[in-house]
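First up is the structure itself, then whatever we jot down about it.
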Amino acid sequence: MTQGDNTSLNSFVLLRIGAHRFALPAGIVAELAPPVKLHKFPHTSSSLAGVIIRRRRILPVYDAGSLLLGKEAHGQQFYLVARCAGEGKELSAIPVSGECEMATGEILPVETGRPAHIAGTIAIGDDSVDVLDLAALIASAPGKTGGLAGAERQP
């Protein structure tokens with residue numbers, strides 16, 4: 001194959017969080033799940049919204065709206081279930097607004113000064129869409145180190 005072939009093109013899932021559009025590599029996305037009951041419990045991680053039960057598994061739900069936009073995203077309609085790189089085959093979920101779509105494109109390098117959770121950008125029509133590094137996004141969350149263990153120690 002030559003450089004001109006589609007070998008540099010990758011598949012992405014385009015998603016909306018609030019009014020903003022982001023992309024995730026399609027290879028880490030497991031499914032787009034309908035809204036189900038979010039189970040909340042005391043914990044010390046501000047990024048963890050709660051857990052959902054999907055296909056007999058308990059999945060942590062991370063509040064991507066507050067992590068990306070600084071506020072909770074309203075209008076959540078689905079849960080995007082994905083594997084976080086660096087965390088093995090463990091699945092996590094993030095609430096997304098509206099429907100998701102597939103796109104193919106070449107990931108462009110990250111500009112200097114961008115947050116660590118932005119892996120690059122892809123061009124979709126006339127728009128430039130940020131590609132998320134889900135593991136870096138979750139790791140960058142304030143209060144992440146407290147985790148669930150802190151909740152278990154509370155009286």
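The values are calculated or read from the model by the stated rules, or taken from the named source; none is laboratory data. A quick note: this is a predicted structure, and the numbers were derived from the prediction, not measured. Neighbour counts run over all protein chains shown; Cβ positions are idealised from the backbone, glycine included.
One residue stands out in the range 122-155 among those that are of a type outside the set (A, V, I, L, M), surrounded by fewer than 20 Cβ atoms within 10 Å (Cβ to Cβ) and under 21 Å from His20 (Cα atoms): the one that is modelled with the lowest pLDDT, namely Ser140. Looking across the range 65-90, the residues that are among the small types (Gly, Ala, Ser), at pLDDT below 85 and touching a helix residue (DSSP H, G or I) at 6+ places or on another chain (Cβ under 9 Å) come down to Ala73, Ala85, Gly86.
Look through the range 98-121, keep the residues that are crowded, with 16+ Cβ neighbours inside 10 Å and part of a loop (DSSP other than H, G, I, E, B), and return whichever of them is modelled with the lowest pLDDT. Across the range 98-121, the extreme among qualifying residues is Val110.
Restricting to the range 14-33, and then to whatever is at pLDDT below 90 and not in a strand (DSSP E or B), can you tell me which residue is nearest to Val81 (Cα to Cα)? Filtering the range 14-33 for residues that are at pLDDT below 90 and not in a strand (DSSP E or B), the one nearest to Val81 (Cα to Cα) comes out as Gly18. Could you grab the pairs with beta carbons closer than 8 Å, sequence gap of 6+ or different chains, first residue in the range 107-126 and within 21 Å of Ile138 (Cβ to Cβ), second one of a type in the set (Ser, Thr, Tyr) and assigned to a loop (DSSP other than H, G, I, E, B)? Taking only residues 6 or more apart or on different chains, the pairs are Pro115/Ser140; Ala116/Ser140; His117/Ser140.
Could you check how many residues of the range 41-54 are of a type outside the set (A, V, I, L, M, F, W, C), at pLDDT below 90 and over 16 Å from the mean Cα position of the chain (by Cα)?
Our first condition is that a residue be of a type outside the set (A, V, I, L, M, F, W, C); within the range 41-54, this holds for 42-47, 50, 54.
Imposing the further condition that a residue be at pLDDT below 90 reduces the set to 42-47.
Checking the rest, the ones that are also over 16 Å from the mean Cα position of the chain (by Cα) come to 42-45.
Summing the residues that are of a type outside the set (A, V, I, L, M, F, W, C), at pLDDT below 90 and over 16 Å from the mean Cα position of the chain (by Cα) in the range 41-54 gives 4.
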